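Chemist: Sharing a structure here in structure tokens format.
The values are calculated or read from the model by the stated rules, or taken from the named source; none is laboratory data. If you're wondering where the values come from, they're calculated on a predicted model, not measured in any experiment. So basically every Cβ, Gly included, is an ideal-geometry build from the backbone, and we count neighbours across all protein chains shown.
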Amino acid sequence: MRNWLIGLGCAALLGIGSASAQEVLRVGTEGSFPPWNMTTANGELEGLEIDLANALCRELSVRCEFIAYDWEGIFPALYAGQFDAVMSGVAVTEERKKTVALTRTYADTPLSFIARRGSPLLALESLQAVEGGLRGKRIGVQIASTSSKFVQQRLGATSEVLTYRNYEEIQLDLESGRLDAAFGRMLTWSEFMNTPAGRDFALFGPRLTGKDFAGFGEGAAIALPLGSAWEPRLNEALRAVRENGTLRDLHLKWFRTDVYLP
């Protein structure tokens, strides 16, 4: 009788544990790409993609777990199973479609050049003028990014292109004067220009999108391993947050505009 009661108690405890267990979606993110994702002074992650991931997890009744990872190694870590998904401004490109599954897009923003106020570069408007003005100049870009590929192709032969792990490092070298200019996501530059250090900088040249250079992609999406069971579930959750207004609210909160492309 005693053994039966012990067995019944153990079974009940196991049942309670199973009922309370919640599925987890492990999300890899850079944590240094404002306002998409960033790390606070307290070491906490925040930004559009953090809020969006949590909204998607609520739609799916799962729990989000975030893992900060350097951009350069984020896709190898995804392939190795260190997380289930990557949300870090991942552009949807034909090249990426060969190696990862990509959900429907949830945002798209132009790319632009930035330089210190007072620089003659700020007078340049067309891409042709920018290419001529940057001849012999030092340009900063994030390594292994679509912006890096564009600058290397268009300016690599005539300018010195310096690559960095993240935007924070680029901004430091802009401030120090090591860089004459940098190229990247316009909204990230806008966040920088709203800081005390960034007020001395301004954008120049054209605002570029995937229509100007196919390598910029069709917008940002969640990257997953090929064949991931999460793909249809996340696509459905993304559709839901678009339709119920959550995605628009997050764009207005973090980007101050709705930058969704269907």
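Chemist: Looking at (1) within 18 Å of the chain's Cα centre (by Cα); (2) at positive phi, can you tell me which one Val100 breaks?
Modeler: If we test Val100 against (1) within 18 Å of the chain's Cα centre (by Cα); (2) at positive phi, just (2) comes out false.
Chemist: Taking into account only those residues within the range 233-258 that are more than 25 Å from Asp84 (Cβ to Cβ) and among the hydrophobic types (A, V, I, L, M, F, W, C), which is surrounded by the most Cβ atoms within 10 Å (Cβ to Cβ)?
Modeler: Selected residue: Phe255.
Chemist: State whether the residues of the range 228-237 include one that is modelled with pLDDT of 95 or more, assigned by TED's automatic domain parsing to the domain that holds Ala91 and outside any helix (DSSP H, G or I).
Modeler: yes
Chemist: Is it the case that some residue within the range 140-163 is among the aliphatic types (A, V, I, L, M), modelled with pLDDT of 95 or more and within 20 Å of Pro34 (Cβ to Cβ)?
Modeler: Yes; the residues of the range 140-163 include at least one that is among the aliphatic types (A, V, I, L, M), modelled with pLDDT of 95 or more and within 20 Å of Pro34 (Cβ to Cβ).
Chemist: While we're here: So, in the range 238-260, how many residues would count as being outside any helix (DSSP H, G or I) and either among the hydroxyl-bearing types (Ser, Thr, Tyr) or closer than 15 Å to Leu52 by Cβ (or both)? Show your work before the answer.
Modeler: We begin by selecting, within the range 238-260, every residue outside any helix (DSSP H, G or I); these are 244-245, 255-260.
Pick out the ones that are also either among the hydroxyl-bearing types (Ser, Thr, Tyr) or closer than 15 Å to Leu52 by Cβ (or both) and you get 244-245, 255, 257-260.
Within the range 238-260, residues that are outside any helix (DSSP H, G or I) and either among the hydroxyl-bearing types (Ser, Thr, Tyr) or closer than 15 Å to Leu52 by Cβ (or both) number 7.
Chemist: Of the conditions (1) surrounded by 19 or more Cβ atoms within 10 Å (Cβ to Cβ); (2) not assigned by TED's automatic domain parsing to the domain that holds Arg242, Arg138 clears all except one; give me its number.
Modeler: Condition (1) is where Arg138 drops out.
Chemist: For the range 191-208, check the following and say yes or no: at least one residue is surrounded by fewer than 14 Cβ atoms within 10 Å (Cβ to Cβ), aliphatic (A, V, I, L, M) and over 20 Å from Glu49 (Cβ atoms).
Modeler: Yes, some residue in the range 191-208 is surrounded by fewer than 14 Cβ atoms within 10 Å (Cβ to Cβ), aliphatic (A, V, I, L, M) and over 20 Å from Glu49 (Cβ atoms).
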